[in-house]
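Worksheet for the structure shown next.
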Amino acid sequence: MRVTIGLPIWGDPPAQVGIDAMVADCREAGMDGIFVGDHLAFSPADPSKYPYSDSGQFFLAPEDAWYECFVTLGYVAAYAGSMELGLGVCLPVLRPPLLVAKQVATLAHLAKGDVTLGVGAGWMQAEFEAVGVPWKQRGRRLEDSVAVIRQYWTGAPSAGRYGDYVIPEDMVSYPIPSKPLPVLVGGSSAIAVDRAARIGDGWFGALGQWEDGDALLAPTIAKFRAAWTRHRPGVPDPPVAVVQPVPSAVTRDEDFARLMTARLTAYCQMGVAKVVLNLSWRRPERVPAVLEVIRAAADRALDAALPQSTPTGG
C-alpha cells in the first residue's frame, strides 16, 4: 500500500507556503507520492451540493484560488524525485480528451516516478455549463473521454466516433507513455462504482470526513469488486485508492499516531493499494511533524500486514 499526500493547490498555501516547499516536505518525510484535485471555475449561484460534507457546502469560497492541476503537476515533477504523481481526481470532460492524453503522457515523461490518472464525473453543475458540456451527459462523456485518451496513448489511435468525440483518420500523437498508465475511476454512487468496474483499471474512493472511516468504505469496496468480477470474470482484483482528509482536531501527536495507525492498518486489511491523505498546510510549521507521524504509522500498518513467518525447529 502506498501512502501519498493530497497537495492543497487551492486557497492560500500555494502562494504563502509555496508548491516547491510543500513538495519538499513530502519528499523529506519519505512519502510515496503526491496527488492533486481539479476544478476550473466556481459560481456562487450554483445549486449543486458538495457530496463530501454533511452540509453540502464546499470547503472554499468561490473567489478562492484553485491552481490548474496539470500545469501544477508539471511544476511538482521538478521537485518530486521518484515520488508517484497523480490526479485524484481530474475532470477530463472539462477538456478535449486529446489534450488530457497529451498532458498526462507528457507528465509521464517529465516525472521520475509513476503517474496515475484518476478521473471523475464531477459534482458542480455550473462548471460543466461553463465549458458547454450538458450536465446530464457528463457520465457518458466521461466514459467516451477515457476511451479516446487511451487511444491517443497508443500514438496511432483508431479513427472513428467515440460518442460525442471523433478521432480523424491518420492522427498521431507523441510522446506516448513508456508503460501502461492506470486510470482509476472515482465516485461512490452505484452508477459510478459500476463505471469504475467497466472502464477503469481500479476505483478511486473518497471520504469527506475522517469520521466516515473504513466502516463506510468497506461496503463500497465490496460492491466495486463484485461489479469487477461481473464485468471481467477471471481478471485479478484491481487496485483501490482512497482519498480522505487528515483529522485536524487532534492536537496530541500520540493520539494522532494511534488514529492514523489504526486507519491505515484497516485499509491494508481491506486491500487498499493507495491512500491519499489531504493536508491543508494551514500551519506549515507543524507539517514536518505530521508527515513524520503519518510515515511511521504507514510503516507500522504495512509491517502488520506482512505474513508472519513461523519459526522452525533445528
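All of the numbers you see were taken from the coordinates with simple rules; none came from a lab. The structure displayed is predicted, hence computed values, not measured ones. When we count neighbours, we look across all protein chains shown, and the Cβ atoms used for this are built from the backbone with ideal geometry, even at glycine.
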Descending packing, highest mean Cβ count within 10 Å first, for 40-47, 21-28 is 21-28, 40-47
HN-Hα J couplings of the stretch 191-201 from phi, Karplus 6.51/-1.76/1.60, θ = phi - 60°, integer Hz, Gly and Pro as x? 5, 5, 5, 5, 4, 4, 6, 6, 10, x, 9
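Nearest 500 deg cm²/dmol is fine: what mean residue ellipticity at 222 nm does the chain get from its DSSP H runs of n ≥ 4 alone, each adding -39,500 (n - 2.57), divided by its residue count?
Details: 9 runs with 120 residues, N = 314.
Per the formula, -12000 deg cm²/dmol.
Show me the ranking of peptides 209-217, 163-171, 72-80 by mean Cβ neighbours inside 10 Å, starting with the highest. Show your work: numbers first, answer last.
Values: 209-217: 14.8, 163-171: 12.3, 72-80: 19.7.
Descending packing order for the listed peptides: 72-80, 209-217, 163-171.
Which values, in whole Å and largest first, are the semi-axes of the equivalent ellipsoid of the stretch 2-305 obtained as the square root of 5 times each eigenvalue of the Cα gyration tensor? Write out the running numbers ahead of the final one.
Details: eigenvalues 175, 95, 85 Å².
Calculated on Cα positions only, the semi-axes equal 30, 22, 21 Å.
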Hey, got the dipole for the chain? About the Cα centre, +1 on K and R Cβ, -1 on D and E Cβ, debye to the nearest 20? 860 debye
